[in-house]
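Following: one structure in structure tokens, then a few remarks.
The values are calculated or read from the model by the stated rules, or taken from the named source; none is laboratory data. This structure is a prediction, so every number in the text was calculated from the model and none was measured. All Cβ positions, glycine included, derive from the backbone under ideal geometry; neighbour counts span all protein chains shown.
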Amino acid sequence: MTSTLRAEMMTILSAGLTAVSPATCIPHVIRRDGAIVVIGNERIDLSAVQRVIVVGIGKASARMAAAVEEVLGERIASGLVVTADGYRVSTRLIEVVEAGHPVPDARGLDAAERIAALVDSACDDDLVLVLISGGGSALLTLPAPPVTLTDLIATNRLLLLSGARIQEINAVRKHLSQLKGGQLAKRASPARVVSIILSDVPGDPVDMIASGPTVPDPTTFADAVEILKRYKLWGKVPATVRGRLAAGADDAVSETPKSDNPTLNRASYVIAGSGTIAAEAAQREGNRLGYNTLLLTTTLEGEAREVGKVVTALAREVVVKNRPIPLPALILAAGETTVTVRGDGTGGRNQELALAAALGISGLSGVIVAALGTDGRDGPTDAAGGVVDGETIDRIRAHGISPQDALARNDAYHALAAAGALINTGPTGTNVADLVAILARSGRDAG
């Protein structure tokens, strides 16, 4: 891989990550002027607020908490956020705990119970500030009886392996929870609830980000049943899960709060960071480096290996035909693909996309493709994604690995590792959509 192209690619991706770092983006949406705190478009007079309670969920929640502390300081009465292992940072006033992700665990259950107790204690003159980021669905784990934590874990694993979109997975999660799907805000009522959100879902549908704990839920029990049946999981999930969802579909269990529910009247939100913000920052960096740039989409979805083929087609088009934008070129997309697990290998959606793209651009010079999980952890691996070029496949084969076999077995991690094509950032402290980038120069200019 040409050193110049790879170095420029990492600079471009780094610019995207910096733009959605909580230290960068949180101060854009919350500021304080004496007794007045401005959150998004809301002005709140803190002299009329008895307590400021801060709770949070997600991979970025710890760094979000640290940024909020810088603004509100000692005005925070109490706080607790739960983040994934490896994402803890030091805070002064808001407690940070770690829990399992993407599979919920007992630590997440304990944290969710404590968060529920905090919001249950809120009064009408309190302000409940909720910090939400990707990963929050697994971390905010308070199952609705008779569903147990073990039942949730089993259901979660089945959904993650099914190829279901995150929107579909979260529709099921909401209806097995006591806090998701607007129920956290309902429990905090009549307090004022303001959510600061980092979006990891294409298009930023707030009801789907971390399963929308503070906003109305447009999905229903019937939707959850249909999703499990569509992916042939209805007969595989625990009986308690089927029982609760079936009861809800028959109106024997109360639905999650909808848009007309009065308990959500004092709940509002602001989006501080998203895949769009990250992609636009990466595009600006590409422009600064002298590239012609195209931000193709910020709602990228689909099976990772199939999206990799589309990326391949774009890469070949720009190198061979000098279009849809002329060389030197940067083409960007943001979103979140899925993987239907068929084999027993190791990898994540970004690694799988990168390996599929490597097969498609094999032998092509002057172009590299990268796919990056902005949280720094792609699937159950220590890598954030992959960056590949026209020689990656040859390097994989030189280690005795068949790239086609690796892709078939969902083993992109080991194939890319052999080629030196993994991206390793470590936990980034943020979590928005994935970034996919094509960077191309003519062969003689690729460095």
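The residue that is modelled with the lowest pLDDT, counting only those in segment 409-445 that are part of a helix (DSSP H, G or I) and touching a Gly at 6+ places or on another chain (Cβ under 6 Å), is GLY443. Taking segment 154-248 and the helices (runs of 4 or more DSSP H) fully enclosed by it, the elements with 2 or more residues that are touching a Lys or Arg at 6+ places or on another chain (Cβ under 9 Å) and not assigned by TED's automatic domain parsing to the domain that holds ALA106 are at 166-174, 221-230.
Selection over segment 267-293 of residues that are out of contact with any Ser or Thr (no Cβ under 8 Å at 6 or more places or on another chain), in contact (Cβ under 8 Å) with a residue 24 or more places away in the chain and either surrounded by 18 or more Cβ atoms within 10 Å (Cβ to Cβ) or in a helix (DSSP H, G or I) (or both) gives a count of 7.
Of all residues in segment 97-119, none satisfies being assigned to a loop (DSSP other than H, G, I, E, B), in contact with a His (Cβ under 9 Å, 6 or more places away or on another chain) and farther than 24 Å from PRO190 by Cα. Each residue in segment 398-447 was checked for being more than 27 Å from ILE331 (Cβ to Cβ) and over 28 Å from the mean Cα position of the chain (by Cα), and 6 of them qualify. Every listed requirement among (1) in contact (Cβ under 8 Å) with a residue 40 or more places away in the chain; (2) closer than 20 Å to ASN431 by Cα is met by ARG173 save one, (1). Check segment 188-195 and report whether any residue there is in contact with a strand residue (DSSP E or B) (Cβ under 9 Å, 6 or more places away or on another chain) and more than 26 Å from ALA66 (Cα to Cα). No, because not a single residue in segment 188-195 is in contact with a strand residue (DSSP E or B) (Cβ under 9 Å, 6 or more places away or on another chain) and more than 26 Å from ALA66 (Cα to Cα). In segment 370-390 there is at least one residue matching the filter, namely being at pLDDT 95 or above, of a type outside the set (A, V, I, L, M, F, W, C), more than 28 Å from GLY273 (Cβ to Cβ) and in the same structural domain as ALA433 (by TED's automatic domain parsing). For the residues ARG51, ARG63, the requirement of being among the basic types (Lys, Arg), in contact (Cβ under 8 Å) with a residue 60 or more places away in the chain and surrounded by fewer than 18 Cβ atoms within 10 Å (Cβ to Cβ) singles out ARG51.
The number of residues in segment 219-264 that are surrounded by fewer than 13 Cβ atoms within 10 Å (Cβ to Cβ) and polar (S, T, N, Q) comes to 2. If the condition is being farther than 17 Å from THR293 by Cβ and either outside any helix (DSSP H, G or I) or touching a residue at least 60 places away in the same chain (Cβ under 8 Å) (or both), then segment 1-22 contributes MET1, THR2, SER3, THR4, ARG6, LEU17, THR18, VAL20, SER21, PRO22.
Filtering segment 374-408 to residues that are of a type in the set (Ser, Thr, Tyr) and outside any loop (DSSP other than H, G, I, E, B) leaves only THR392. Looking across segment 7-44, just one residue is in the same structural domain as GLY290 (by TED's automatic domain parsing) and among the charged types (D, E, K, R), and that is GLU8. Could you please find all residues in segment 23-40 being in contact (Cβ under 8 Å) with a residue 40 or more places away in the chain and over 30 Å from LEU332 (Cα atoms)? The answer is ARG31, ARG32, ILE39. Regarding GLY100, is this residue among the small types (Gly, Ala, Ser), surrounded by 17 or more Cβ atoms within 10 Å (Cβ to Cβ) and either at pLDDT below 95 or under 22 Å from THR425 (Cβ atoms) (or both)? Taking the combined requirement at face value, the residue satisfies it.
Being aliphatic (A, V, I, L, M), within 17 Å of the chain's Cα centre (by Cα) and either buried (at least 19 other Cβ atoms within 10 Å of the Cβ) or not in a loop (DSSP other than H, G, I, E, B) (or both) is a property that holds for ALA371. For segment 1-48, filtering for residues that are β-branched (Val, Ile, Thr), surrounded by 21 or more Cβ atoms within 10 Å (Cβ to Cβ) and under 12 Å from VAL71 (Cβ atoms) leaves 4.
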